[in-house]
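The values are calculated or read from the model by the stated rules, or taken from the named source; none is laboratory data. Since the model is a prediction, treat every value here as computed from it, not as a measurement. Cβ placement follows ideal geometry from the backbone for every residue including glycine, while neighbour counts extend to all protein chains displayed. These accessible areas exclude ligands, DNA and RNA; they are computed on the full protein's heavy atoms, side chains included. Shrake-Rupley method; radii C 1.70, N 1.55, O 1.52, S 1.80 Å.
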Amino acid sequence: RRDDRKFIENKANFVLVKASNGHKYALEEVFSDAAIMSRMNDTKVAREVEVLNKFMRMMDVDPDRAYYGFAHVKKAQEQQAVDSLLVTDELFRSSNVKTRREYVDLVEDVRATGGKVYVFSSMHISGQQLQQVSGVAAILRYPLPDLDELEELAEEAPDAYGTDDDEEEDSEEENDATLTKVREDMELMNF
């Protein structure tokens, strides 16, 4: 025999599927079939496809709980909001050592705060889909207001909240008005 023993022992794990063509993009078609995914539910590929689909649904349904791009994901992790981190293996093979270190640190931070990390193969269709949205994404534990809005508010803060150092102490009425404005802004951001 030709060392077929491993194949024979795992014969029950093989799944016969039909696809419209033989290209790797047909895998997306195969993985979208619920019957196939139920038979593959304990494989790494199935978990990756499931979490990527969850991220994509979250982008549509609850975008404040789905972020992508290193800067946004890093900012969310600083607030310990990342529940699931999705990252492609290609980012760990970057020729820039600093870039690799940043992603390794991000992965370690997420794991240290109890988050789950999924490393996607860039050779697989799910990894390629993730690469299209920057190669790194996160599903958050709780919604965060749009980080761009927070950055804009931080820039406006001295003017909007009356915190210029040159001004004399505000009267009690002005402090109350400022506090009211802060509360309104927080309510707008769902705090």
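Output the residue which, of all residues in region 55-87 that are in contact (Cβ under 8 Å) with a residue 12 or more places away in the chain and open to solvent by 80 Å² or more (accessible area, probe 1.4 Å), is nearest to S121 (Cα to Cα).
If we take residues in region 55-87 being in contact (Cβ under 8 Å) with a residue 12 or more places away in the chain and open to solvent by 80 Å² or more (accessible area, probe 1.4 Å), then Y68 is nearest to S121 (Cα to Cα).
Look through region 88-112, keep the residues that are among the hydroxyl-bearing types (S, T, Y) and under 25 Å from T43 (Cα atoms), and return whichever of them is least open to solvent (accessible area, probe 1.4 Å).
So, considering only residues that are among the hydroxyl-bearing types (S, T, Y) and under 25 Å from T43 (Cα atoms), the one least open to solvent (accessible area, probe 1.4 Å) is T88.
Tally up the residues in region 88-140 that are over 16 Å from E78 (Cβ atoms), among the basic types (K, R) and free of Cβ contacts under 8 Å to residues at least 24 places away in the same chain, please.
4
Within region 38-54, track down each residue that is assigned to a helix (DSSP H, G or I) and open to solvent by less than 100 Å² (accessible area, probe 1.4 Å).
Those that are assigned to a helix (DSSP H, G or I) and open to solvent by less than 100 Å² (accessible area, probe 1.4 Å): S38, V45, A46, E48, V49, V51, L52, N53, K54.
Could you count how many residues in region 1-31 are more than 19 Å from K44 (Cα to Cα) and assigned to a loop (DSSP other than H, G, I, E, B)?
Counting residues in region 1-31 that are more than 19 Å from K44 (Cα to Cα) and assigned to a loop (DSSP other than H, G, I, E, B) gives 10.
Quick check on region 77-103: of everything there that is more than 15 Å from the chain's Cα centre (by Cα) and within 15 Å of A137 (Cα to Cα), which residue is modelled with the lowest pLDDT? Before you say what the answer is, go through the steps one by one.
Going residue by residue through region 77-103, those that are more than 15 Å from the chain's Cα centre (by Cα) are 90, 92-102.
Those still in the list that are within 15 Å of A137 (Cα to Cα) too: 90, 92, 102.
Numbers: E90: 90, F92: 83, E102: 92.
Top of the filtered list is F92.
Which of (1) in contact (Cβ under 8 Å) with a residue 40 or more places away in the chain; (2) out of contact with any Ser or Thr (no Cβ under 6 Å at 6 or more places or on another chain); (3) assigned to a helix (DSSP H, G or I); (4) not charged (D, E, K, R) is the odd one out, the single condition A35 does not satisfy?
Going through (1) in contact (Cβ under 8 Å) with a residue 40 or more places away in the chain; (2) out of contact with any Ser or Thr (no Cβ under 6 Å at 6 or more places or on another chain); (3) assigned to a helix (DSSP H, G or I); (4) not charged (D, E, K, R) one by one, A35 breaks only (1).
Would you say K74 is in contact with a strand residue (DSSP E or B) (Cβ under 7 Å, 6 or more places away or on another chain) and closer than 13 Å to L140 by Cα? It would help to see each step written out before you state the result.
Values: in contact with a strand residue (DSSP E or B) (Cβ under 7 Å, 6 or more places away or on another chain): no; closer than 13 Å to L140 by Cα: yes.
Spelling it out, it is not the case that K74 is in contact with a strand residue (DSSP E or B) (Cβ under 7 Å, 6 or more places away or on another chain) and closer than 13 Å to L140 by Cα.
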